[in-house]
Amino acid sequence: MMQRLLPFFTLIALFVGLSLASPHFLTSANLGSVIRQTAVLNIMALGMTMIIIAGGIDLSVGAILALSGLLGCMLMTSGYPVWMGLCAGVVVGAACGLANGLMTAKLRINPFIVTLGTMGIYRGVSLILSGGLGVHSLPKGFSYLGEGSVLGIPFVLLVLLICGAVVHVLLEHTRLGRYAFAIGSNPDAAFYAGIPVAFHTSAIYAAGGLLAGLAGMIEASRLMTGQPTAGQGYELQAIAAVVIGGGSLRGGAGSVVGTLIGAFIMGLLSNGSDLLGISPYVQQALIGAVIILAVWLDELRKRSAGVGGGLLNR
Amino acid sequence: MVLELRSIQKCFGGVQALRSGDLRVAAGEVHLLLGENGAGKSTLMKIVAGMQAADSGEVIWKGQPVRFRNPAEAQRAGIGMVHQESLLAPHLSVAENIYLGREPRRGLGWVDRPRAVRDAARLIDEHRFPLRAEQLVGSLSPAGRQMVEICRAVAQGASLLIFDEPTSSLSDAESQEVFRIVRGLRDRGASVIYITHRMEELRELGGRVTVLRDGETVFTGAMAEVSTPELIRHMVGRSVETIYRREPLAPGREMLRVEKLSRRGVLHDVSLTLRAGEIVGLAGLIGAGRTELCRCLFGVDRAESGSVHVEGRAVRIRSPRDAVRAGLALIPEDRQKEGLAAGLPVRDNVLMASMQQVSRFGFLDSARVRSLVGPGGDQRAGQLSGGNQQKVVIRKWVLSGAKVVLFDEPARGIDVGAKVDVFAAMDRMARDGAAVLMVSSELTELMQVADRILVMRHGRITAELPRGATQEEIMRHAALESLP
């Protein structure tokens, strides 16, 4: 039990440690900025959690983020209201995710390959549509999504909590969620049980794309530009958040709470390094080491519990 | 004594797998190691083979106390193991697998592949194995793979070979072949430790026998001086008369009718009828088409012609989903691969085919889930013993209300007590109005459980025999040409 809570304690320790180490850490301005910075990653990671639980992977979420944000912004600058731009971004994200899911489930192509390909396609489409340039002069009201506050609480935190709650309920209390676990844990057994595997796999990728689209709108709102180059490398950070939070790339394991903790650990590490004056070069290496450490500790836990683990422990 | 184990103990995360494992094996003997699943047989042998370290106790090998830190050390000392689940590289050839890790070299680290193939071919000839050195291991049957593992151990110069339940995935004919090989090894002076569930056939083989129960050695003696019921009593700790005997039921209405089902190269004009309350056995050699028939009926593979009727209505089954909707269920041969989601709790596994019944608008009704699953739903399915895993797979289909249930090797690799439970569960499903088809390679099992027995050979049904048919009759229809 202690070991299962390790990511949580790590987060607390990191929080307390940074509060002691830097006088600037525990201020509402700083915490607000940590939350805003990690919200985009967090929301993407929620979608990635579902996909990884179902035994898949999505390398294209960073590119989906850019394409959704760009198209949403283009709609707004051509005179459509903000809410339509927002909806369009989210729908584009879901459609991109659905395309990933259909290729994985119907054409039976390995999801790593499918999304490696669509990562290039979606990014390429963004660059073609925009000519490589960002979309500027967005309506003022749009900035509320990324930068607004309700009663002093960042609006994105509310969005994140709602998304987290929805994904949690989806995973734990709906048929779709339990099928995701079943498909990820043993796709053959799921198929033999009569589960419509292709349908549910596609739905899960679409949900992941939808969340990436939402993250794209938040990112655009924070920067007040639609950038075709936004979100590069985010897909790997989202995957890292899921695995730090106990998700397994072999499928069948993962949780919303774990992923949120994983994403916040990465957020605090980078914020703390900034505050303590550690160079961004060192930060990258640091976060890389944390990912390996987290997964290794999780593997040790599973081994001592006599499940999974290496060849000799079967 | 070649090998002596003294009070070996081993714990896995709080579970005491071995309390006191004792074993003495003489040179040139075949020593049987018996026990129910979870009794600690495999763990004890993995310790001997250097795959796991004992917590305490002594291993004495050829008079010296030893403590192997890895399989390579044990192999160098002359101990080889043929694994329950074969540990081979499927994309490499037979020869490459035999010499994996000890490839014959030319200078400068070059692998001498022609020599590896030559040496492997010589070894295969010597033991008269039906293998080719250059064949890919992935294309071999389970029996073929075991022969490769045997070659590997022999090539390493093993003077003690450990067989971990090699017969559990083999047909009767194939296991006879393995027994022949074991006798050959013994005659050359090697010692063999043989872990198995099937003791009747082994009387001819075994010199001595050791029984483990709950991680403790409870009996050691000469095979000739102990009866089978006595051995079973040692294994389960109570007396079991015959394993199981089903009280047959008057068959009810027709549940499944299959007419002239064909699939090129696999099934030819297979017709059969199953009635409510019936358990029909399906016998045949490996490759006769029994598993293939189940897969076609269940929609995993497509039949090219023929028709299927469930409860008198014609159905088209093109996927397992169609099959489940039509009321069919399949308990597959390979439980780990196709039946069970080992990483998930029991709850998810037993509800896998019945989620619709416990959900409304896609949301699960937790009260209904609890009442259907009962206690123990939180435990991970993979942590259960093989027998209990099989019971979870069966409950999945009991809950779904399946009307025609196909059992493919339902009692494979599970212990005596759990077998009885599995047969009882089949009987209960039949009594509740389902029709049951049971594929098994163990004829004694079929004769105890089935109301009538269909025999398959080369994709055709060659005979239908009544309850009470003898083993010889069944084998004659199953193997016709291959008998002398």
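The numbers here are math on the coordinates, done by the rules we state, and not lab data. Values in this document were obtained by computation on a predicted structure and should not be read as measured data. Using ideal geometry, Cβ is built from the backbone for each residue, glycine included, and neighbour counts are taken over all protein chains shown.
Rounded to the nearest 20, the size of the Cβ-charge dipole of the protein assembly as shown about its Cα centre is 620 debye, with Lys and Arg at +1 and Asp and Glu at -1.
Counting only the backbone N, which residues of segment B:60-77 are under 14 Å from the spot 7 Å out from the Cα of B:Leu92 toward its beta-carbon? Counting backbone N atoms under 14 Å from the label point, the list is B:72. FRET efficiency for the pair B:Glu4 and B:Arg460, taken as 1/(1 + (r/R0)^6) with r the Cβ-Cβ distance and R0 = 51 Å, rounds to 0.45.
When B:Cys294, B:Cys151, A:Cys73, B:Cys11 are arranged by Cβ crowding within 10 Å, least crowded first, meaning fewest neighbours, the order is B:Cys11, B:Cys294, B:Cys151, A:Cys73.
The aspartates and glutamates whose alpha-carbon is closer than 19 Å to the alpha-carbon of A:Lys106, local same-chain residues fewer than 8 away aside, are A:Asp58, A:Asp188, B:Asp301, B:Asp322.
Shape of chain A from the C-alpha gyration tensor: oblate (a/c of 1.5 or more and a/b not above b/c, with a ≥ b ≥ c the square roots of its eigenvalues).
Beyond 22 Å in Cα-Cα separation lie the following of the pairs A:Lys302/B:Lys419; A:Lys302/B:Lys396; B:Lys46/B:Lys391; B:Lys337/B:Lys396: A:Lys302/B:Lys419; A:Lys302/B:Lys396; B:Lys46/B:Lys391.
Counted over chain B, the DSSP beta bridges are approximately 55% antiparallel. Shape class of segment B:268-318 from the alpha-carbon gyration tensor: oblate, with a/c at 1.5 or above and b/c at least as large as a/b. Averaged over residues, the count of other Cβ atoms within 10 Å places the peptides B:206-219, A:137-150, A:261-274 in the sequence A:261-274, B:206-219, A:137-150, highest first.
Tell me, in nm to one decimal, what length is gained between B:Arg245 and B:Glu58 on full extension, where the rule is 0.36 nm per residue of separation less the Cα-Cα distance? It would help to have the intermediate numbers written out before the result.
Details: separation 187, 0.36 × 187 = 67.32 nm, distance 4.33 nm.
Gain in length upon complete extension: 63.0 nm.
Once the Cα-Cα distance is subtracted from the 0.36 nm per residue extended length, the A:Leu158 to A:Tyr80 segment shows a gain of 25.5 nm.
Could you list B:Asp432, A:Asp58 so that the one with the fewest beta carbons within 10 Å of its beta carbon is first and the one with the most is last? Write down the numbers at each step before the final one.
Details: B:Asp432 12, A:Asp58 32.
Taking fewest neighbouring Cβ atoms as first place, the list is B:Asp432, A:Asp58.
In whole angstrom, segment A:195-247 maps to an equivalent ellipsoid with semi-axes of 25, 16, 8, each derived as √(5λ) from the alpha carbon gyration tensor and ordered largest first. Between the C-alpha center of segment B:413-452 and that of segment A:72-129 there is a gap of 53 Å. Going from the fewest other Cβ atoms within 10 Å to the most, the residues B:Ile8, A:Ile291 appear in the order A:Ile291, B:Ile8.
Put simply, when B:435-444, B:361-370, A:167-176, A:62-71 are sorted by average Cβ atoms within 10 angstrom per residue, most first, you get A:62-71, B:435-444, A:167-176, B:361-370.
Once backbone amide H atoms are built at 1.01 Å from N, B:Phe12 has B:Ala17 as its partners under 5 Å, excluding neighbours fewer than 5 places away on the same chain. Shielding of peptide B:336-346 by partners, expressed as the average count of other chain Cβ atoms within 10 Å per residue Cβ, is 6. So if we plug the beta-carbon distance of A:His24 and B:Lys337 into 1/(1 + (r/R0)^6) with R0 = 56 Å, what FRET efficiency do we get, rounded to 0.05? So, using R0 = 56 Å, E works out to roughly 0.50. Under the simplified labelling scheme, the B:Arg452-A:Ser149 pair shows an inter-label distance of 8.2 nm, with each label point 7 Å from Cα along Cα→Cβ.
For the peptides B:19-25, B:445-451, what is the packing order when you average, over each peptide's residues, the other Cβ atoms within 10 Å and list the highest mean first? Before the final figure, lay out each step's value.
On the way: B:19-25: 20.6, B:445-451: 22.4.
Most protected by this proxy first, the peptides run B:445-451, B:19-25.
Classified by the C-alpha gyration tensor, segment B:1-91 has a rounded form. Its axis ratio a/c, with a ≥ b ≥ c, is below 1.5.
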